[in-house]
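Note sheet for the following structure.
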Amino acid sequence: MKNVVVMTAVKVPGMEERSIPYKYGIASFKKWCEKNDCELFVLDTALHEHDVMRINFHRYYAFDLLEQSGIEYDQICITDADAIIHPECPNFFEMTEGKYTVTSCDGSFDWIFRSLENYSKYVFEGKTFPFWNYFNAGFQVVNKNHRHLWNELIDFYFSNQELIVSMQKNFGVGTDQPVINYIVNLSDTKTKYLPYEFCMADLVRKEILNLDFTFLNFKGIYQFNAIPQQIKQQYDIEFWMKTSYEKLYGK
Amino acid sequence: MSKNVVFLTSVKYDRFSQKYGGYEWMDISQKSWEFWCESNDVELYVYDKPKKDDPIKHRITWQRWFDVFDKLKSDYDKIWMVDSASIIKWNTPNIFDLLDDRFTAFRDIDNLNWIYQSVVGYKPMFNNFEFDTGKYINCGNAIINKKHQPFLENVERFYYDNHELLLHYENSKVKKGTDQTPFNYLLQIEKIDTNIEMPMAYNLTHLQRKEMLGVNWQLKDDNTPFFIKYGYLWRYNGFPKDTRTNLMTQTWEIVKENYR
């Protein structure tokens, strides 16, 4: 049985151009998986209409998808297709100790605190958890023992669909991320937090997204998010992903 | 039974007064620590007189590591070394209850470019040692105990053996920090078992960069700034240094009633 990386790379109607650079993310993970004897599974077809369920939630069907595809698996890592992995990124599957493995969110804490508080107030009956446990949903490693949590998330979504959609619309502080955070953190699940390198979000805030590609000196997984518009106008996501890929893996 | 100690670096040099916009911020910091230590049966040692007087030649950031064991004469258990650009929240849970006897500090990932440049810059001084940036710590907030005295003696030895070279790196060649990066190299070279997994609430740095100064403008039901609500130790770095008094005074005006 192999460990499997599951990526969501669906062209969302009306947002097709977002998926243009996904090919670089997929190619990087394909090579990393070959090197580390893992399998890559790319979900490129939506399971629900966009107005029924945002694409971010689809990854929580990973257990079903792998089984339906006849893929035997040990651990599953879900990650974003707009991410590039460094070829020498350590094998995170070997670091999990069988626990639900994630990285802490580290970026705009104004956003994180609002996400924590708004979902606490309107969705999770005032319950909360320590902010330093709020994790980035763009990198999660699980095994069969955690399947019930993802089932719970999907059930919770459909039981509270209207509320969750309105939260997304009215507050803009996350789609699946706050929900899976509350489900995991309010349970007694044993978690493991890996260093920032395994989900390097908000590279601009860390001052390493530059034309020297300083971030590539950190052997991790690069998330090309939270990039200010004035940078993207000159250097769009495709530029950063294509150039990163070529620097790391060749043309 | 021996006590735990907070070793608060709080040295006022007249020559730097303008640079720091005065030193009232140190007094604010001290008031918060006095209250917290009293509440938690912890001894407070205010480190205000380093052994060497010349702060240009011998930075206080270096000297604190060399002086700490000499200054603490009485018996003690663990030592929380923290700089006074900090305010401890009045009801912060006792950090000493969470610790084992490892060297404890906090990973620094605020400005990774600065850290990367600093690590690369100092690399030749350490025979191109393969430094793990994933374990780079901030030196302004660390907890040690007697077990670490030999290590700090080695740091001191290294410092005096390489003093001129260190000054050259610090002031001309690298210009990225004082003790922090060399200290980090020595920590890894000597394989000091380091705990970097304490909750980040005990080390809120770069409050502005992290956007922690604001309030929940969507719920509008609580005007408490996020860093006060969620943090335990507020550190005033990553700002222009001459604004420190102003920022710490503003915080103190909000919270001071809790320290009575």
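Highlighted here are the strands (runs of 3 or more DSSP E) found entirely within the range A:1-89 that include at least 2 residues which are in contact with a Phe, Trp or Tyr (Cβ under 7 Å, 6 or more places away or on another chain) and touching a residue at least 40 places away in the same chain (Cβ under 8 Å): A:2-8, A:73-80, A:83-85.
For every residue, the table says whether it meets (1) within 16 Å of the chain's Cα centre (by Cα); (2) under 20 Å from A:Phe135 (Cβ atoms).
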{"site": "A:Met15", "(1), (2)": "no, no"}
{"site": "A:Arg18", "(1), (2)": "yes, no"}
{"site": "A:Phe41", "(1), (2)": "yes, no"}
{"site": "A:Asp51", "(1), (2)": "no, no"}
{"site": "A:Asp64", "(1), (2)": "no, no"}
{"site": "A:Glu72", "(1), (2)": "no, no"}
{"site": "A:Gln75", "(1), (2)": "yes, yes"}
{"site": "A:Pro87", "(1), (2)": "no, no"}
{"site": "A:Cys105", "(1), (2)": "yes, yes"}
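Of the helices (runs of 4 or more DSSP H) contained entirely in the range A:149-251, those carrying at least 2 residues that are aromatic (Phe, Trp, Tyr) and over 16 Å from the mean Cα position of the chain (by Cα) fall at A:237-249. Of the residues examined, B:Thr104 is not one that is buried (at least 18 other Cβ atoms within 10 Å of the Cβ), among the polar types (S, T, N, Q) and within 11 Å of chain A (Cβ to nearest Cβ). Taken over the range A:194-251, the criterion of being under 12 Å from A:Asp82 (Cα atoms) and among the β-branched types (Val, Ile, Thr) is satisfied by A:Ile221, A:Ile237. What number of residues in the range A:132-148 are in a helix (DSSP H, G or I) and surrounded by 15 or more Cβ atoms within 10 Å (Cβ to Cβ)? Of the residues in that region, 4 qualify. Residues that are of a type in the set (Ser, Thr, Tyr) and away from chain A (no Cβ under 12 Å) were ranked within the range B:110-138; the one that is nearest to B:Leu165 (Cα to Cα) is B:Tyr122.
Every residue, every condition in (1) surrounded by fewer than 17 Cβ atoms within 10 Å (Cβ to Cβ); (2) outside any loop (DSSP other than H, G, I, E, B); (3) at pLDDT 95 or above, yes or no:
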| site | (1), (2), (3) |
| --- | --- |
| B:Val46 | no, yes, yes |
| B:Trp65 | no, yes, yes |
| B:Ser74 | yes, no, no |
| B:Asp100 | yes, no, yes |
| B:Lys123 | yes, yes, yes |
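For the condition within 14 Å of chain B (Cβ to nearest Cβ), in contact (Cβ under 8 Å) with a residue 60 or more places away in the chain and not basic (Lys, Arg), what is the one hit in A:Glu207, A:Glu238, A:Glu197?
A:Glu197
The values are calculated or read from the model by the stated rules, or taken from the named source; none is laboratory data. Since this is a predicted model, take the numbers as computed values, not measurements. Heads up, the Cβs are rebuilt from the backbone with ideal geometry, glycines too, and the neighbour counts pull from every protein chain shown.
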